[in-house]
Amino acid sequence: MPLRLFLSSGDLMADRRFEFARDLQLKGDLPAAADLLEQAIELAPNFTSAWFTLGEIREQLGQRDKAIAAFREARRSDASDQHGAGLHLMRLGDEHLSEMPKAYVQALFDQYAPRFEHALINDLGYRAPSLIFKAVLAARVAAKKPAFFKRAIDLGCGTGLAASAFAKQADHFIGIDLSPGMIKEARATGLYAELEVADMIDALRSKPDASANLIVAADAFVYLSDLAPVLTEARRVLAAGGTLGFTLETHDGSGVVLGEGLRYAHAAEYVRGAIAKAGLELLTLEPASPRNENNEPVRGLVVVAEKT
């Protein structure tokens, strides 16, 4: 994934100790790394990156309570939680499942933007856009409806891979992403008539009723725990007969869980229920792996729904 987020402490000696600690962490000497991080924190008590990394190391060492304490300090010292300490607290069972901090998602993808496509396609075998494209076209053909869309919205557009997949099927594409870095990359493609730096739910709320014929979200909803708000807004924004296509990660249990990769996984039955509650008609819900991780296909779903 991206280069590691680093927020300087403002203290040169503390920053140097952090750098040495990271080297030791990468070499596997976790106790020595933890000791150096504690020294850095003594010099700079509000050193968010040091607290966060100490939490990671304590977790690696199996020291749950100490890890929780460090992650709590990381979030206290940065209320916006750019490192995503709150997600680790959820994973450790210290907090109930909740939505991701927007600052974390933005920081994650701003760092990732310059190498996003290369890493996804060459390293992770990313295939979410093509899965959605094939599923949407199959659903339209089965319904004997044209597979051309006058106005389309790409939620969590990233660098524009979904718009590229649908380039010949859409007349006017709007791209929405929380990351300015991703929007910059998407603008360079020339595929979008409009681009917005915005949270995808907030952006949908700004759109008129029945103003889109297609909404796609390739691996974007994995950063949402509760799908109800985005599905409700998507239904409102879609014109009658409009199509929604998206991918998710999934699991064998019920409801929603936060996976090891710090992305939400939604059970198939949860998705069926969320689609129905939003007032959309489910056309497709099939197992499909959107990408690889640790050289294994990630378990996922491809979903197509329609506003009737």
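The values are calculated or read from the model by the stated rules, or taken from the named source; none is laboratory data. All values reported here derive from a predicted model rather than from experimental measurement. Don't worry about glycine lacking a Cβ; one is built from the backbone with ideal geometry, like all the others, and counts go over all protein chains shown. Just the protein is used for accessible areas: all its heavy atoms, side chains included, with ligands, DNA and RNA removed. Shrake-Rupley method; radii C 1.70, N 1.55, O 1.52, S 1.80 Å.
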### Task
List the relative contact order of the chain as a percent without decimals, with contacts defined as Cα pairs under 8 Å and 6+ residues apart.
14
### Message
P(r) for the chain, please, calculated from all Cα pair distances in 10 Å bins and given in %.
### Response
6, 26, 32, 21, 11, 4, 0
### FRET efficiency for Ser206 and Leu61, using Cβ-Cβ distance with R0 set to 35 Å, rounded to 0.05
0.15
### Task
Could you let me know the centre-to-centre spacing of segment 202-272 and segment 44-114, using Cα atoms, in angstrom?
25
### Message
Please state the shape class of segment 167-308: rounded when a/c is under 1.5, otherwise prolate if a/b exceeds b/c and oblate if not, all from the C-alpha gyration tensor.
### Response
oblate
#### Entry: 0 to 90° range, to nearest 10: angle between helix 30-43 axis and the chain longest Cα axis
80
### Placed amide H near Leu191: partners under 5 Å, 5+ positions off or other chain
none
### Summary
Among Phe6, Leu137, Ser80, the residue whose Cα sits farthest towards the positive end of the charge dipole of segment 1-151 (+1 at Cβ of Lys and Arg, -1 at Cβ of Asp and Glu, taken about the Cα centre) is Leu137
### Message
Output the 0 to 90 degree angle, nearest 10, between the alpha-carbon long axis of helix 64-77 and the longest principal axis computed from the alpha carbons of the chain.
### Response
80
#### Entry: Cα-based convex hull volume of segment 233-308 per residue, rounded to whole Å³
88
## Note on the structure
Projecting the Cα atoms of Ala186, Gly62, Ala278 onto the charge dipole of the chain, where Lys and Arg contribute +1 and Asp and Glu -1 at Cβ, the residue farthest towards the positive end is Ala278
### Query
Relative to the present Cα-Cα distance, how much length would full extension add between Ala69 and Lys184 at 0.36 nm per residue of separation?
37.7 nm
### Query
Between His251, His118, His266, which gets the highest mean-square fluctuation from a Gaussian network model of the chain, Cα cutoff 10 Å?
His118
### Message
Leaving out ligands and nucleic acids, and using a 1.4 Å probe, what accessible area per residue does the chain come to in Å²?
### Response
45
### Query
So how far apart, in nm, are the two label points at Ala142 and Glu281 if each is 7 Å from Cα heading toward Cβ?
1.2
### Query
In the chain, what percent of the accessible surface is made up of carbon and sulfur (1.4 Å probe, ligands and nucleic acids excluded)?
51
### Query
If amide H atoms are built 1.01 Å from N in the plane of the peptide, which residues on other chains or at least 5 residues away come under 5 Å of the amide H of Phe149?
Ala170, Asp171
### Those trypsin sites (Lys or Arg not before Pro) in segment 1-91 that DSSP places in a loop and that have at most 13 other beta carbons within 10 Å
Arg4
### Relative contact order, percent, segment 16-159 [alpha-carbon distance under 8 Å, six or more residues apart]
12
### Query
What is the magnitude of the charge dipole of segment 108-175 about its Cα centre, with +1 placed on the Cβ of each Lys and Arg, -1 on the Cβ of each Asp and Glu, and no other charges, expressed in debye to the nearest 20?
520
#### Entry: Filter on Lys66/Lys102; Lys144/Lys307; Lys168/Lys207; Lys102/Lys307 - keep pairs with C-alpha separation over 21 Å
Lys66/Lys102; Lys168/Lys207; Lys102/Lys307
### Message
Please list 3J(HN,Hα) in residue order for segment 217-223, calculated via the Karplus relation 6.51 cos²θ - 1.76 cosθ + 1.60 where θ = phi - 60°; whole Hz, with x for glycine and proline.
### Response
8, 8, 6, 8, 6, 5, 9
### Message
So if I place +1 on the C-beta of Lys and Arg and -1 on the C-beta of Asp and Glu, and nothing else carries charge, what would the dipole magnitude of the chain be about its Cα centre? I want it in debye, nearest 20.
### Response
1200
### Message
Tell me the angle of helix 228-237 to the major Cα principal axis of the chain, expressed in degrees between 0 and 90 and rounded to the nearest ten.
### Response
40
#### Entry: Value at 222 nm in deg cm²/dmol, rounded to 500, when DSSP H runs of n ≥ 4 in the chain each add -39,500 (n - 2.57)
-12500 deg cm²/dmol
